[in-house]
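The values are calculated or read from the model by the stated rules, or taken from the named source; none is laboratory data. These figures come from a predicted structure and were not determined experimentally. We place every Cβ from the backbone using ideal geometry, glycine too, and count neighbours over all the protein chains shown.
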Amino acid sequence: MYNVTLIPGDGIGPEVSKSMVRVVEATGIDINWEIVNAGLNVIEEYNTPLPDHVIESIKKNKIAIKGPITTPVGKGFKSVNVTLRQALDLYVNLRPIKTFKGIKSRYENVDLVIVRENTEDLYAGIEHKVGDYGAESIKIITKGACERIVEFACDYVKENNRKKLTGVHKANIMKLTDGLFLKVFRDISEKNKINYNDLIVDAAAMNLVLNPEKYDVLVMPNLYGDILSDLCAGLVGGLGIIPGANIGKDYAIFEAVHGSAPDIAGMNKANPTALIQSAIMMLRYLGEYDAAKKIERALEKVFIEGRVLTIDLGGNATTDEFTDELCKYVLEGV
Ligand code: NAD
């Protein structure tokens, strides 16, 4: 039996989490879900959006899966997601982006992976006001953080038989910070005998839209990774289907990349696929390859049949109806 920390989140979080748990349990894998909450809804009780017992639970179980959490924009508390990544030193954000048979999207053969550095860059959160004149935000890039993220990307390429690694940067303008990232990227890719190239981030944005099929694994600093991974999600059908993982040396948190979707929260309309796909990544991380495959096949069958789809995918099924259909196929072992 596995112990996994489950943070349902808010907005549509509880609905997609409930669906994910049902689908994982249909595989027969025995998981003890330790449910803890974070975000807006717990502030009144704990005076913080991220109570200590949440972090302790993840430290104990070493593995967590999490629904989306609302973050106030431009004011209020620091993002729970960013705090968790920093507190647990989850230095990798991994997002596989693949076209799904049966889901309408602009491209047919996209199969790329974004490896985003997760702990520094402008997300270090070092900002200050400059009198009444303006504000400054400091971009931090360190050699150690560049080395470990590029090492992770090289290992990923080798372990998953991928063909090429592309480093994304803006070293033509930020010669010191992105220049350091680029130098480390070239040195470590060379040392690992990886087939590699590099690309300036604006060119990467255009090329990913024009020819996403040409890309394989891409590694980049935090901010570019945040933006390009959402861009790539759009290439294959949107945020509702893309999974993500935050991985460190000791802990891993799997999560959907979409937000809390307040416009449809509580309406039984949310598409739970992204969190279910994150659970597939989690099962693989646990070595439960058969269970992961079972869910993958069931998802593919539901999408190809196209009878029971949520509204965002052009159907009219509720979250519960979609989950029922998926569980049926997982249990049948299609
Ligand atoms: P969002 O992803 O919540 O919603 C954007 C649009 O996509 C909405 O129309 C929404 O209805 C739709 N959508 C998103 N997920 C869907 C799903 N699973 N099924 C069907 N439709 C879906 O983005 P937003 O509105 O910019 O953010 C809302 C809140 O979520 C903000 O507070 C933001 O900070 C937070 N957020 C949290 C995370 C996270 O916890 N990982 C990630 C991104 C945003």
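When residues of the stretch 19-44 are filtered for being part of a helix (DSSP H, G or I), buried (at least 18 other Cβ atoms within 10 Å of the Cβ) and in contact with a Pro (Cβ under 7 Å, 6 or more places away or on another chain), how many remain?
Counting residues in the stretch 19-44 that are part of a helix (DSSP H, G or I), buried (at least 18 other Cβ atoms within 10 Å of the Cβ) and in contact with a Pro (Cβ under 7 Å, 6 or more places away or on another chain) gives 4.
Among helices (runs of 4 or more DSSP H) lying entirely in the stretch 120-212, which contain 1 or more residues that are acidic (Asp, Glu), without any contact (Cβ under 8 Å) to a residue 40 or more places away in the chain and in contact with a Lys or Arg (Cβ under 9 Å, 6 or more places away or on another chain)?
201-210
Taking the residues in the stretch 2-49 that are on the phi > 0 side of the Ramachandran plot and more than 16 Å from the ligand (Cβ to nearest atom) as candidates, determine which candidate is nearest to the chain's Cα centre (by Cα).
Filtering first and then ranking leaves Gly28.
Out of the stretch 97-119, which residues are in a strand (DSSP E or B), of a type outside the set (Asp, Glu) and crowded, with 20+ Cβ neighbours inside 10 Å?
Matches in the stretch 97-119: Ile97, Leu112, Val113, Ile114, Val115, Arg116.
Could you run through the stretch 266-309 and say how many residues are without any contact (Cβ under 8 Å) to a residue 24 or more places away in the chain and in contact with a Lys or Arg (Cβ under 8 Å, 6 or more places away or on another chain)?
Looking only at that region, the number is 1.
Would a scan of the stretch 169-176 turn up a residue that is β-branched (Val, Ile, Thr) and under 22 Å from Gly244 (Cβ atoms)?
no
Could you grab me the full set of residues in the stretch 289-302 that are within 21 Å of the chain's Cα centre (by Cα) and within 21 Å of Glu15 (Cβ to Cβ)?
Ile295, Leu299
For the stretch 65-93, name all the residues that are hydrophobic (A, V, I, L, M, F, W, C) and within 14 Å of the ligand (Cβ to nearest atom).
Hits for the stretch 65-93 are Ile65, Ile69, Val73, Phe77, Val80, Val82, Leu84, Leu90.
Need a quick list: helices (runs of 4 or more DSSP H) entirely within the stretch 221-334 having at least 3 residues that are at pLDDT 95 or above and surrounded by fewer than 19 Cβ atoms within 10 Å (Cβ to Cβ).
In the stretch 221-334, the matching helices (runs of 4 or more DSSP H) lie at 289-305, 319-332.
So how many residues does the stretch 225-244 have that are away from the ligand (no atom under 12 Å from the Cβ) and touching a residue at least 60 places away in the same chain (Cβ under 8 Å)?
Residues that pass the stated criteria total 5.
From the list Ile138, Ile200, pick out the single residue that is more than 27 Å from Tyr107 (Cβ to Cβ) and more than 19 Å from the chain's Cα centre (by Cα).
Testing whether each residue is more than 27 Å from Tyr107 (Cβ to Cβ) and more than 19 Å from the chain's Cα centre (by Cα) leaves just Ile138.
Take the conditions at pLDDT 95 or above, away from the ligand (no atom under 16 Å from the Cβ) and within 19 Å of the chain's Cα centre (by Cα) and apply them to Lys62. Does it pass?
yes
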